[in-house]
């Protein structure tokens, strides 16, 4: 029953997703192997003198000692080519819709499935001709992958030479040869529209470029206060129920990236169902086409095999790099990187490795840094420029931000959007805490903001943060003695902070005008709040009580402006500004009169 | 030919270790024949080249290295299933416990199930009216959701679960399409008795399948109890098209059993000694809730956890809440003030309600009023903290209104009788009556249109 030959090993032990293999000393680290009679997919994670350890990406129940383990000769790879967008893949890039066709609503094991559709004909425009020099990563053809995206077929990064046998424009499948390349060593390599790439090896690029453009998300607290750069990294830590997934979904929906790779790593199945139901109905603000046209989903829900959870992050980032190489801006959301770290811990425990902090393996920080370093704004091999922005959710155990995954993530990311339990309890979304969050990109992005909003952007941002900072200081006092005893100047600060919190920071994901807000409107909202502050400060300085100012209703109008001023018509701000001027003039005249009467 | 192995290699707590067993497969069931005692079954949980680690159901008492013969059954633990399981009582490994004989199965299913393909899921959108304002209004239960109750010892979580079962309008039309699966995991026999009695009183007993592993039953079976229950639920939901409500209590006992076995296996522990795979293990059960596209039935789960020392940061509630679609947290202080159900609404959450309430589902004002109640009650907490320092008399007029609102909210909205069944309209109207006691300027979560339609400006609102 057991087949044993030179290339095959056999199973010599099973513990959860970890399988020991004996009998084949030629297995390489990180090589993909097929385990057991059902040919489950696995990856070599440790090689010892007489034993190899494999992590298996499918459920191992039913495996027997002595069953064969077949070597594939190559590392775990993803298949890159047209047909990726709009798909839902599992952690090792098997298309879940195809799995459904084969095995129904539950995922059977040992299914052999082609990652991309090899029968579909793509209308291809060829960009090269016979005799052209072929360089690594060169764009050789173009295909409209979805109505929203022109997929650029590239030479694999390790191929160069001279083109031969180039075919004309036409309809090709991804496995048909469209050209050949004769290398310098006079070897002929056939080129199709697809190639494979090992997931754990970053795809090469020309050179890194400094970041300068923000990733616009349409969320005010991010775009105005803690902006993220295209090519940057951000972390969203938050305990359960603080809205990590909601925030990630909002970013996946409204970010102005060309491509969104969304990795549901160890999260809920219903969340994937939610994305699949809601995304096709939503329109990309940039192209006006369905969001699914630019989205790739990688889903390893929490009940799917844990080893594939570890792989899902790498699968996602490799796909992101592929689109970056075409010259696109890619945003990658990983929800949640803590589940990925726990998968590492689980497998490390099964290998009986020496644990470091809280049972996590000692290589946790290096794995995290390797992942986040794959983000960046780069010049590609073919000269185009593209970027990958990584936004990783972190689920700190017991909501404790000092735990290893949060702390290490903080070291390798430059935006930190801390979600706050108290804000979530009060249903203030996005629950991004303004005192604990930061963005290190603010200086790099300042020129862009000054050009696209106003020269005063930096000052206004600082002023908003100052008011909020002042509020939290005053609240310490208010907690002890109440608000009534504060002087009017400080009361005004509290009222202004309230407008900022309720009218500006808090955003309603279910309101059509508020779920996504263009930068121009965001900036005008920020400006008008500060305009009111300036006028109100003058009034208070003349001795008018804050309660009188509040009673005019102007403050409340500012809170409601997010709903009342539509995104496509910003005339309402001019009206508001006149309203504030009237408010200022009326009150100062009234009080001046009153004062004059009193002094007479 | 039936091949049996003589003798064991080692016995360690609930585990038995076999040596040189040929052809064993991972997670396979084995049968032990113990001289003069009888038969027991076990499951292979780890294999090395020479050794097989087997966890023995019903415990390892009376087993010696020499009095036991082992037989490999060749399959994983399977549950026999047919419509006859309704109204029956089973033990933690799926054997009948009520003396009514074996089930004649239509089919058998592996109790571990297979992961549901996320693309086959249908996103749950139908709300279940429980008749409890705190749940319906603020943490709406959705058919196909997994919504645990986080409680503590001495809090009325069982009463709450029973009231939900009794009042839940889980079916739109046909009552015969409704079933309850109840899994008792390491609970006291009087808890199981209380549930049985309540099911009987509300006349649903013939719609209930029970899997009982009581506090004095074998620990190893706590691992299989919820899995058997969920396998039965999947059969009823996806083969028989029924809407199934699964109640599992107490998930802490489950996790402790897992820890016990893990430590017998000398695994590397992570938090509080629980194994590193606790998250994946819990998820493999919770994720079995849901609705599948193209199939009629649904599985809604209400797991119950009694948090040790009321500590919500304990690994089990912590990991549970990361997997489930929200949580209902019970509060000791509210209980002591006589508020039943003592749902701590600020900590409670239903993740699925956002897409299942409002226009076309409940009423157009539901999202707004729910948000406003949350926000205002959160403000009440701040005002109360302030009042405890400076005294209630020193509060501003607005803050005094919040104090009054807080009291009314707890006494009128949260508090209900154990048989009081409020419909959705009543719950929402009650919410508006409460909100109308607050000044209009404090309503920051409501759109002007909703305020115009529902807010009672006369100032006569309230109680």
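We did not get these values from a lab; they are worked out from the coordinates using the rules stated. Only a predicted model underlies this, so the values are computations on that prediction, with no experimental measurement involved. Note that we place each Cβ from the backbone using ideal geometry, even for glycine, and neighbour counts take in every protein chain shown.
When you look at the Cβ of every residue in A:254-267, what mean number of other chain Cβ atoms sits within 10 Å?
1
Enter the angle in degrees (range 0 to 90, nearest 10) between the Cα long axis of helix B:366-390 and the first principal axis of the Cα atoms of chain B, meaning the one along which they spread out most.
Once rounded, the angle reads 80 degrees.
Remind me, relative contact order of chain B in percent, using alpha carbon pairs under 8 angstrom and six or more residues apart?
It comes to 16 percent, rounded to a whole number.
Which FRET efficiency value, to the nearest 0.05, is calculated for residue B:206 and residue B:62 with the Förster distance at 45 angstrom and r the Cβ-Cβ distance? Display every interim value, and only then the final one.
Values: r = 38 Å, r/R0 = 0.84.
The computed FRET efficiency comes out at 0.75.
Calculate, in nm to one decimal, what residue A:370 and residue A:574 gain on full extension: separation in residues at 0.36 nm each, minus their alpha carbon distance.
Working: separation 204, 0.36 × 204 = 73.44 nm, distance 4.92 nm.
Additional length available on full extension: 68.5 nm.
For region B:79-355, give me the percentage of DSSP beta bridges that are antiparallel, rounded to the nearest 5 percent.
30
Using alpha carbon coordinates only, what is the Rg to Rh ratio of chain A, with Rh defined as the Kirkwood radius?
1.06
How many angstrom lie between the Cα centre of region B:307-349 and the Cα centre of region A:160-231?
49
Kindly identify region B:308-463 as rounded, prolate or oblate by the Cα gyration tensor criterion: order the square roots of the eigenvalues as a ≥ b ≥ c, call it rounded if a/c is under 1.5, otherwise compare a/b with b/c, prolate if a/b is larger, else oblate.
Verdict is oblate for region B:308-463.
Separation between the residue B:2 and residue B:239 pseudo-spin-labels, each 7 Å from Cα along Cα→Cβ, expressed in nm?
2.6
Can you tell me the 0 to 90 degree angle between the C-alpha axis of helix A:572-599 and the longest principal axis of chain A, rounded to 10?
30
When the C-alpha atoms of region A:32-128 are aligned to their principal axes, what extent does each axis show, in angstrom, from largest down?
52, 37, 18 Å, listed from the longest principal axis down.
Rounded if a/c is under 1.5, else prolate if a/b is larger than b/c, else oblate: which is the protein assembly as shown, with a ≥ b ≥ c the root eigenvalues of its Cα gyration tensor?
In terms of gyration-tensor shape, oblate.
Share of antiparallel DSSP beta bridges in chain B, in percent to the nearest 5?
Within chain B, antiparallel bridges account for around 60 percent of the total.
Gap in Å between the Cα centre of region B:37-106 and the Cα centre of region A:527-600?
That distance is 76 Å.
How far apart, in nm, are the 7 Å Cα→Cβ label points at residue B:197 and residue B:442?
Result: 4.3 nm between the two label points.
Between residue A:282 and residue B:264, what FRET efficiency follows from the Cβ-Cβ distance if R0 is 51 Å, with the result rounded to 0.05? Write down the numbers at each step before the final one.
On the way: r = 51 Å, r/R0 = 1.00.
The computed FRET efficiency comes out at 0.50.
Note down the relative contact order for region B:4-76 as a percent, whole number, built from C-alpha pairs under 8 angstrom at least six residues apart.
In percent, rounded to a whole number, it is 43.
Using a 10 Å cut-off on Cβ to Cβ distances, tally the other chain neighbours for every residue of A:303-310 and report the average as a whole number. Working shown, then result.
Numbers: counts 15, 8, 2, 7, 0, 0, 1, 0.
Shielding by partners across A:303-310 averages 4.
Pull out a ≥ b ≥ c, the square roots of the eigenvalues of the alpha-carbon gyration tensor of region B:79-355, then state rounded if a/c is under 1.5, prolate if not and a/b is larger than b/c, and oblate in the remaining case.
The shape class here is rounded.
Using the reciprocal of the averaged 1/r over all distinct C-alpha pairs, how large is the Kirkwood radius of chain B in Å?
On the way: mean 1/r = 0.0415 Å⁻¹.
One over the average 1/r among Cα pairs gives 24.1 Å for chain B.
How would you rank A:421-427, B:282-288, A:309-315, highest first, on the average number of other Cβ atoms within 10 Å across their residues?
A:309-315, B:282-288, A:421-427
Residues of A:356-365, mean number of Cβ from any other protein chain within 10 Å of their own Cβ, rounded to a whole number? List each step's numbers first, then the result.
Values: counts 0, 0, 3, 7, 2, 0, 0, 0, 0, 0.
Counting Cβ atoms of other protein chains within 10 Å of each residue's Cβ and averaging gives 1.
What ranking, highest mean first, results for peptides A:300-308, B:160-168 when packing means the other Cβ atoms within 10 Å averaged over each residue?
Result, highest mean Cβ count within 10 Å first: A:300-308, B:160-168.
Give me the one-decimal nm value for the distance between modelled label points at residue B:417 and residue B:9, 7 Å along each residue's Cα-to-Cβ direction.
Here the modelled spin labels are 6.5 nm apart.
Could you tell me the distance between the Cα centroids of region A:60-117 and region A:422-458, to the nearest Å?
That distance is 41 Å.
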